[in-house]
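To start, the structure under review is shown below, and the notes come after it.
The values are calculated or read from the model by the stated rules, or taken from the named source; none is laboratory data. All values reported here derive from a predicted model rather than from experimental measurement. Quick reminder, even Gly has a Cβ in these numbers, built from the backbone with ideal geometry, and neighbours come from all protein chains shown. Ligands, DNA and RNA are stripped out before the accessible areas are found, and what is left, the full protein with its side chains, is counted by its heavy atoms. Shrake-Rupley method; radii C 1.70, N 1.55, O 1.52, S 1.80 Å.
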Amino acid sequence: MSYKKIIYTLPKPVIILFAILFIIPILSFKINKNKQQLPVYKNPKISIELRIADLIKRMTIEEKAGQLNQMNGGSLTGPGSSKTDRDAKTLMVKQGKVGSFLTVSGVQNTLYFQKVAVQQSRLGIPLLFAMDVIHGYRTIFPIPLAEACSWDLTGIEQNSAVSAKEASAAGIHWTFAPMCDISNDPRWGRVMEGAGEDPFLAGQISGARVKGFQGNFDNQHILACVKHYAGYGAVEAGREYNHVDMSRVTLWNKHLPSYKGAVDAGAATVMNGFNVFEGVPVSANKYLVTDILKNKWKFKGYLISDWASFEEMIAHGYAKDSIDATQKAINAGSMMDMKSEVVLKNLPNLVKNGKVSITLVNNAVSRILYYKFKLGLFDNPYKYCNTQREENDIFTPNNREIAKTAAQKSLVLLQNKNSVLPIKNLDKKIALIGYFADSHADMFDFWTFKGIPEEAVTIKEGLQKIYPNLKYATGYDQDTKSTQKLINEAVETAQQADVLVVNIGWSGKFAGEDRAFADINVPPAQVELLKALHQTGKPIVALISSGRPLILTNILDYCDAILQCWIPGTETGNAVAIVISGGYNPSAKTVISFPYSIGQIPVYYNHFNTSRPGLNNQGGAWESRYRDIPNAPLFPFGFGLSYTNFAYSNLQLIDTLLTTNKPLKLKVTVQNTGNYDGEEIVQLYINKKFSSIIRPVKELKAFKKIALKIGEQKTLEFTLTKKELSYLTAEGIPFLEPGIISIFVGTNSKDVLSKSFNYLGN
Ligand code: BGC
């Protein structure tokens, strides 16, 4: 007879007594034993620091190398292949050889790999899923360059928060944004991804984006990545991946502040640039990675290489082979290896041979583990794998509404002769001309993996909703070429209209990484088209689609109004229609100078005076000048018109006895003197003369975006501390010497009121 049968024959009280005496104690002993056996790193009641220390002790060097390995999951954003199949990837995850995936998204996929990592690898360390969510996941926002033209930090933070919400609902933990590279060269395709040419503004914007992405690290947010640290935007002649050469003074004052703004905002991760600094690739550049980022800035997060940038140090002529590349990268303080797998392959032996210290490796791995703990993945690895959220949180009407507002705020009005805009009479006959105005396929740039072009609203769709009498002609083809037939059709359409709205520029596909162009003029056929349309005598509104400033010099005379639209994203057509019809009064100001001609590049507002500056920096005989073009750009940094006018007056320096504890105070009055309510971005620049290191002719130090009703005026007060007025030495030490400080306040970097005072050096 089995023991079960014997138990059934016993009387109930005996069974109860038996349970109390034997079964309950045995069970609770087992439970307690299990509890005691729960490793420290799996125990949510213990501090993250102790859990990391415990886990580090348990990990083999191979598993540590695995944590430093980010595997490409699918899409290619650089050279190489993505052929590793699912089974091979699964095996690597099981073996603890993958710490993170790039471009694996969608809950079904992330859940699959996360389960393999947690349930089938020896230590069950969860994975981090990363993706380039650059300006939206599926709801696509304006490109970052355009978004920056809003100077609207609250709005920018909100846009990133929406992107984070959508991405996290699709299983993503981490984005490779914001790009903080400063560039003065619109030939470089990646100017679209940054916040323009000014270090101060870019620092503020990067900070806002980091806050928006990361929030409080809950599962509605994602980790941000500050890239491409440092100086990648200074590629020579704007050619992608090209050489970079700059002084330390330039590094500190022009390039580092935007990365610093993002690091100070708490960015969890930083990406090494592809470029060199002082002849050493960033991935192996101890000065940038360890001395500045880790030691001086006290960055506590982790670094990731750019796409195979550790391995690419071989092609750079810096590393002998992949072993040498790994050694140099890790010893410089770099950490996770994106795509190349050289760390996975070589690190264990390098540590065993004493070429790389285990302390350095443990530090790197601990930083990565910290964020896995911080996101709560050890305690709930499937936190971001919620199919309900994936259904509900992505591409919602609310997200689209926010994207529409962002797009409206990013359109820069460059010209508006005879106040041709806004076109308030909705019965007006509009001729819309331009292939791109009706092409979903050309609306998005490279960085919109999950954006669906067909879901975006074209300019034609947007305008048609508002102006029922709209007629359309293409004018040029997909390749921006034209024929007499296309031009004739456009002219015929124009002849029946009251106003011509002409969408010119480039396909969105020409913006982004690996999209450097030597010729950034408006395509010749589009200029010819404008000339032909101009002869009809009808007013022309040009809408410029581009991810960079094109050279607009040749078209100014043929257009009454010019609206720089950039690449506005999902809500393009709706936003453009609202602005054209006056539903929103443009308030954006360009954050990048528009060159007068290609030969003028690089041209930027915060340049230096030179020893022969000439009058107003335009240059006369024997002075720094071009013989054939002006020195000044076509449209300067900070420029952008409104449908109304703003008058600046009464700039007063209130307190100029500046000391370490006493800031400079000033005020200025701004009045809306036009016929529309509007928003103005009030910009404050300084110049400091007699400095032991020369300083730019103007440096942006503060700004305020204000709303003014018709006739309304406001007096704004600004304070600037000594630190804010300082410049940095070649080692990043702030200094401010006695001498004349000029203050400029105005509507852009050129049209300003000014006042100066003598700083005595208190
Ligand atoms: C780019 C990075 C990007 C990475 C991953 C690289 O080619 O330079 O900005 O984050 O690919 O897609």
If we keep just the residues of the stretch 588-628 that are of a type in the set (A, V, I, L, M, F, W, C) and open to solvent by 30 Å² or more (accessible area, probe 1.4 Å), which is nearest to Val522 (Cα to Cα)?
-> Ile598
Mind checking which pairs have a first residue in the stretch 462-490 that is in contact (Cβ under 8 Å) with a residue 60 or more places away in the chain and a second that is surrounded by fewer than 13 Cβ atoms within 10 Å (Cβ to Cβ), Cβ under 9 Å, 6 or more apart or different chains?
-> Ile466/Leu426; Tyr467/Leu426; Tyr467/Asp427
How about the stretch 141-168: which of its residues are farther than 20 Å from Leu102 by Cβ, open to solvent by less than 10 Å² (accessible area, probe 1.4 Å) and among the aliphatic types (A, V, I, L, M)?
-> Ile143, Leu145, Ala146, Ala148, Ile156
Consider Glu341 against the criteria (1) open to solvent by 60 Å² or more (accessible area, probe 1.4 Å); (2) at positive phi: it satisfies all of them except one. Which criterion is unmet?
-> (1)
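Need a quick list: strands (runs of 3 or more DSSP E) entirely within the stretch 430-529 having at least 3 residues that are on the phi > 0 side of the Ramachandran plot and more than 16 Å from the ligand (Cβ to nearest atom).
Once the strands (runs of 3 or more DSSP E) in the stretch 430-529 are filtered for at least 3 residues that are on the phi > 0 side of the Ramachandran plot and more than 16 Å from the ligand (Cβ to nearest atom), nothing remains.
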Candidates Gly212, Gly136, Gly171, Gly207 - the one that is away from the ligand (no atom under 16 Å from the Cβ), open to solvent by less than 10 Å² (accessible area, probe 1.4 Å), part of a loop (DSSP other than H, G, I, E, B) and touching a residue at least 24 places away in the same chain (Cβ under 8 Å) | Gly171
Those residues of the stretch 713-762 which are under 17 Å from Ile681 (Cβ atoms) and without any contact (Cβ under 8 Å) to a residue 24 or more places away in the chain amount to Asp751
When Val107 is run through (1) more than 16 Å from the ligand (Cβ to nearest atom); (2) without any contact (Cβ under 8 Å) to a residue 40 or more places away in the chain; (3) in contact with a Ser or Thr (Cβ under 9 Å, 6 or more places away or on another chain), the failure sits at (2)
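Would you please name the residue that is nearest to the ligand (Cβ to nearest atom), looking only at residues in the stretch 139-154 that are under 23 Å from Ser593 (Cβ atoms) and assigned to a helix (DSSP H, G or I)?
Selected residue: Pro144.
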Looking only at the stretch 295-347, count how many residues are β-branched (Val, Ile, Thr) and touching a strand residue (DSSP E or B) at 6+ places or on another chain (Cβ under 7 Å).
-> 2
Does Glu278 fit the bill of being within 16 Å of the ligand (Cβ to nearest atom) and surrounded by fewer than 24 Cβ atoms within 10 Å (Cβ to Cβ)?
-> no
Test: Asp337 is among the charged types (D, E, K, R), within 22 Å of Leu223 (Cα to Cα) and outside any loop (DSSP other than H, G, I, E, B) | yes
